[in-house]
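Colleague: Handing you this structure, nothing more for now.
Each value in this text was obtained by applying a stated rule to the coordinates, not by laboratory testing. Predicted, not measured: the structure shown is a model, and the values here were computed from it. Cβ atoms come from the backbone with ideal geometry, glycine included; neighbour counts cover every protein chain shown.
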Amino acid sequence: MIDFALNALDQSAIVTDTDAAQAVRETVALASYLDTLGYKRFWLAEHHNTSAFAGAAPEILIGHIASRTKNISVGSGGVMLPHYAPLKVAEQFRMLASLSGGRIDLGLGRAPGGDPKTAAALQPGPKAWPPEVFPQQVEMLIQFLEDANGLKGDSGGFPEEHPYQGIHAQPMGAEPVPLYILGSGGDGAYHAAQFGLPYVYAHFINPDNLTDALKAYRAHFKPSRQCTAPKVMLATSVLAAETAEEAAYLARPRNIWTTQFLQNKGGRFPTMQEAQDWQLTPQDEAILPQIEGRGFTGATDDVLSRLSDVVAEHQIDEVFALTLIPDIEARKRSYRLLAEAAGLSAEGLAAAQ
């Protein structure tokens with residue numbers, strides 16, 4: 001058994017022998033499977049203009065997946081808010097919450113999710129939102145969402161004198177849309193603390209700044225209507241297998257892809273065979289050991305033990321497991337092994353067999 005919630009994050013990775021449409025279909029299939037295993041949340045990433053990931057519109061995938069699942073909360077990990085108007089994001093997620101009975105999470109990010117040229121193409125003309133106004137965007141989004149829940153005045157929503165008073169994000173209703181702030185450095189931690197929101201640390205992006213980021217988050221946390229105390233969630237690379245050798249074999253495509261990405265040579269993910277046959281350059285050989293040491297990869301019990309140690313050390317409430325394996329069946333098996341070892345819902349595990 002574990003004393004933290006177990007969730008999943010998926011990026012719809014594209015493999016060299018398939019295409020983006022297949023990557024999206026596999027994401028949908030994975031979400032349905034994890035719903036039967038008892039996972040608490042399934043979040044979807046946002047990436048733009050990349051040959052590696054197909055998940056460009058998490059808000060659309062969320063609705064599709066929510067309609068095909070029963071219990072798991074479905075959310076964004078995250079919506080890159082600088083690209084969008086807060087009112088439109090509020091409307092999208094209010095609609096999703098209304099359709100799903102409230103099983104929707106709204107994770108927010110400040111990063112562009114792509115290169116600068118693509119970020120410019122996503123902006124709404126001369127009214128583009130620069131990253132510096134991210135806090136004001138978050139505040140406005142919170143106000144729209146609270147207003148949609150019927151809150152007014154001191155209870156939430158917009159102050160009486162606010163110019164947007166009377167503008168409502170439809171469909172209005174009681175279904176909650178909880179907010180989360182994502183980050184891999186100091187800025188996200190401070191923003192999450194400022195608004196009193198849960199903080200999701202992207203360990204799979206930056207495994208070295210966890211301690212400092214959580215220290216800053218907890219030191220500056222201000223209680224809010226959503227959270228009276230700090231809440232920390234960890235998004236990290238996880239791969240569980242029957243043996244450490246099998247896990248290393250399955251992890252090689254992910255590790256090879258990352259070494260290429262760090263050298264500005266990122267493309268689609270290699271297949272299992274391509275990864276085994278990969279001829280390493282001296283630059284690859286210098287980077288690969290560092291990549292192999294990231295995250296939690298190995299035999300299931302060892303993975304869960306090391307993960308539990310980090311959770312206990314940093315007082316983490318929930319974990320998002322990101323498992324990048326070209327073979328969808330191997331990916332499902334990794335999540336299943338983790339669920340079994342963690343003691344997730346016995347009913348869910350039985351249904352998945």
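Colleague: Under unit Cβ charges (Lys, Arg +1; Asp, Glu -1), what dipole magnitude, rounded to 20 debye, does the range 253-303 have relative to its Cα centre?
Modeller: 280 debye
Colleague: Find the Cα radius of gyration of the range 123-229, compare it with 2.2 N^0.38 Å by division, and give the number to two decimals.
Modeller: Taking N as the residue count of the range 123-229, the ratio is 1.19.
Colleague: Residue 18: net charge of surrounding residues, Cβ under 10 Å, Lys/Arg +1, Asp/Glu -1, itself excluded?
Modeller: Combined, the nearby Lys, Arg, Asp and Glu give -1.
Colleague: Additional query: Would you mind counting up the charge near residue 162? Only other residues with Cβ under 13 Å from its Cβ, with Lys and Arg at +1 and Asp and Glu at -1.
Modeller: Once all neighbours under 13 Å are counted, the net charge is -4.
Colleague: Rg(Cα) of the range 203-279 divided by 2.2 N^0.38 Å?
Modeller: For the range 203-279, the normalised Cα radius of gyration is 1.58.
Colleague: Considering the Cα trace of the range 12-81, what is its radius of gyration and what is Dmax, both in angstroms?
Modeller: Both quantities, over Cα of the range 12-81: 11.8, 33 Å.
Colleague: Can you compute log10 of I(q)/I(0) for the range 221-353 with the Debye formula, treating each Cα as one identical point scatterer, at q = 0.11, 0.12, 0.20 Å⁻¹?
Modeller: The calculated log intensity ratios at q = 0.11, 0.12, 0.20 Å⁻¹ are -0.48, -0.56, -1.16.
Colleague: Taking loop as defined by DSSP and a crowding limit of 14 other beta carbons within 10 Å, which trypsin sites (Lys or Arg not before Pro) in the range 223-291 fit?
Modeller: Here the sparse-neighbourhood loop sites are 225, 265.
Colleague: Out of 20, 98, 343, whose Cα points farthest toward the positive end of the dipole of the chain (charges: +1 Lys, Arg; -1 Asp, Glu; placed on Cβ)?
Modeller: Final value for the positive-end residue is 98.
Colleague: Something else: Give the peptides 75-83, 48-56 in descending order of average Cβ contacts within 10 Å, highest first.
Modeller: In descending order of packing, they fall as 75-83, 48-56.
Colleague: Provide, for q = 0.07, 0.09, 0.12 Å⁻¹, the log10 of I(q)/I(0) from a solvent-free Debye sum over equal Cα point scatterers in the chain.
Modeller: Once normalised to I(0) and log-transformed, intensities are -0.29, -0.49, -0.88.
Colleague: Only helical DSSP H runs with n ≥ 4 go in: add -39500 (n - 2.57) per run for the chain, normalise by residue count and round the 222 nm mean residue ellipticity to 500 deg cm²/dmol.
Modeller: Rounded to the nearest 500, the figure is -14000 deg cm²/dmol.
Colleague: About the Cα centre of the chain, what is the dipole size in debye to 20, counting +1 per Lys and Arg Cβ and -1 per Asp and Glu Cβ, all else neutral?
Modeller: 660 debye
Colleague: Hey, another quick one. First select every other residue whose beta carbon is under 11 angstrom from the beta carbon of residue 96; then total the charges, Lys and Arg +1, Asp and Glu -1.
Modeller: -2
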